[in-house]
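Below you'll find the structure, written out as structure tokens, and then a few comments.
The values are calculated or read from the model by the stated rules, or taken from the named source; none is laboratory data. Treat the numbers as computed from the prediction; the structure is a model and nothing was measured. All Cβ positions, glycine included, derive from the backbone under ideal geometry; neighbour counts span all protein chains shown.
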Amino acid sequence: MTPVILLLSGSLRAGSSNEAVLRTAYAVAPDAQVDAVLYDGLAGLPHFNPDDDTDPLPTAVAGLRAAIERAAGILICTPEYAGTLPGSFKNLLDWTVGGTEICDKPVAWINAAAPGRGGGADATLRTVLGYTGAAIVEPACRKIPVERGMLGPDGLLADADVRRRLGEVLGLLAASGGGEVGRAQDGR
Ligand SMILES: Cc1cc2nc3c(=O)[nH]c(=O)nc-3n(C[C@H](O)[C@H](O)[C@H](O)COP(=O)(O)O)c2cc1C
């Protein structure tokens with residue numbers, strides 16, 4: 001069966017560079033022999049409230065957890081806001097903590113910030129994913145800085161080397177069994 005990789009963008013912005021990275025990953029997925037699924041429910045998630053983290057879950061949260069459950073791995077691409085993750089994306093990750101779906105799931109992220117920037121997002125992802133129990137696939141975590149001129153008329157990254165690297169990341173995630181690769185040191 002073709003492995004499914006769930007693509008999670010941390011940006012709600014129309015014309016997001018982080019989403020462009022993931023849309024490009026989606027476009028190269030067939031060459032990497034994976035089925036990519038671009039999650040589009042970020043804006044519809046309720047604010048995390050432990051009182052609501054119980055059966056029956058809010059519909060949007062149940063959908064998120066089901067998407068994670070179905071995936072062989074997860075690829076994240078998120079901007080940094082004020083030195084950390086956008087609140088909406090941290091909210092998404094908070095909804096994963098109470099479930100078991102993300103435990104030992106291979107997860108990697110692409111940092112699309114300009115060179116020397118975005119370190120706060122990296123650090124926060126590492127900490128928060130540690131608490132979720134996800135298995136960080138270190139060799140699949142990459143820095144791919146995206147500048148405006150890199151996007152083609154289709155809104156995708158045209159550069160062949162970037163596309164090759166994204167395919168490689170998808171392949172690494174699909175090949176990771178979960179739980180064994182670079183498990184985060186911090187957290188549960
Ligand atoms: C409210 C806000 C806070 C930001 N804070 C940071 C920051 O702390 N560090 C940084 O490198 N960039 C910061 N940025 C820049 C964004 O990370 C950058 O514009 C990113 O490309 C946006 O991603 P997107 O194109 O996917 O929406 C901030 C942008 C906004 C709107």
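Annotations
- When each of Leu170, Leu125 is tested for being away from the ligand (no atom under 16 Å from the Cβ) and not small (Gly, Ala, Ser), the lone residue that passes is Leu170.
- Taken over segment 1-30, the residue count meeting the criterion of being within 16 Å of the ligand (Cβ to nearest atom) and either outside any loop (DSSP other than H, G, I, E, B) or buried (at least 21 other Cβ atoms within 10 Å of the Cβ) (or both) is 15.
- The set of residues from segment 72-110 being buried (at least 24 other Cβ atoms within 10 Å of the Cβ), within 13 Å of the ligand (Cβ to nearest atom) and assigned to a loop (DSSP other than H, G, I, E, B) comprises Thr78, Leu85.
- Residue check for Asp51: part of a helix (DSSP H, G or I), exposed (fewer than 14 other Cβ atoms within 10 Å of the Cβ) and modelled with pLDDT of 95 or more: yes
- Criterion violated by Gly149 - all others in (1) surrounded by 14 or more Cβ atoms within 10 Å (Cβ to Cβ); (2) in a helix (DSSP H, G or I); (3) free of Cβ contacts under 8 Å to residues at least 60 places away in the same chain satisfied: (1)
- Residue in segment 111-120 that is assigned to a helix (DSSP H, G or I), under 29 Å from Asp53 (Cβ atoms) and modelled with pLDDT of 95 or more present: yes
Residue-by-condition table, conditions (1) farther than 22 Å from Asp31 by Cα; (2) touching a strand residue (DSSP E or B) at 6+ places or on another chain (Cβ under 6 Å):
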residue	(1), (2)
Ile74	no, yes
Thr96	yes, no
Pro106	no, yes
Glu147	yes, no
Asp159	no, no
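- Scanning segment 110-129 turns up at least one residue that is over 19 Å from Ser16 (Cβ atoms) and of a type in the set (Val, Ile, Thr).
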